[in-house]
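Rule-based calculations on the coordinates, nothing more; no lab input. The structure presented is a predicted model; accordingly, all values stated were derived computationally and were not measured. A quick note on method: Cβ atoms are made from the backbone with ideal geometry, for glycine too, and the neighbour counts reach across all protein chains shown.
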Amino acid sequence: MRQAVISVSLPYRFALLLALALLSLFIWGGNQPEAAGLIPSPWDKLVHLAWFAVLAGLLHWGLGLRRGVWVAVFCVGVGLWDEWRQLSLPGRSAGFDDLLFDAIGIGVGLMLAALACRVPGWHVRRGQSV
């Protein structure tokens, strides 16, 4: 019985590990000089939306659906920090439009994670045996 509980929590841990890796690459990659102008407008908005959707979805699924508000607050904080950081990076600029697409992505990620947990077979509650 104990093995089943441990194996059920493994996907949650993996989701959190992926989110941590994504954040690490985001911080490291954003500081590289080559990052300036890497993705031209308007495609950069799609990247903002997709990146924050994946981050929010992984965190929402990994931490549990009852923590959605905290996941959203954390992700918005990451978006604000990124825009503030870009003010000091050569070739980069901050913008409210980026924050808007970050917020849309966060909402999409939270909704997709919540919907995925309603699909039979995609989600097993913690503590349940398999």
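Some points to look at:
- In nm, spacing of pseudo-spin labels at residue 39 and residue 69 (7 Å Cα→C-beta vector): 3.0 nm
- Contact order for the stretch 2-116, expressed relative to its length and based on alpha carbon pairs under 8 Å spaced 6+ residues apart, stands at 36 percent.
- Sequence ranges 75-82, 98-105, ranked by mean other-Cβ count within 10 angstrom, highest first: 98-105, 75-82
- Highest to lowest packing among 64-73, 109-118, scored as the average C-beta count within 10 Å: 109-118, 64-73
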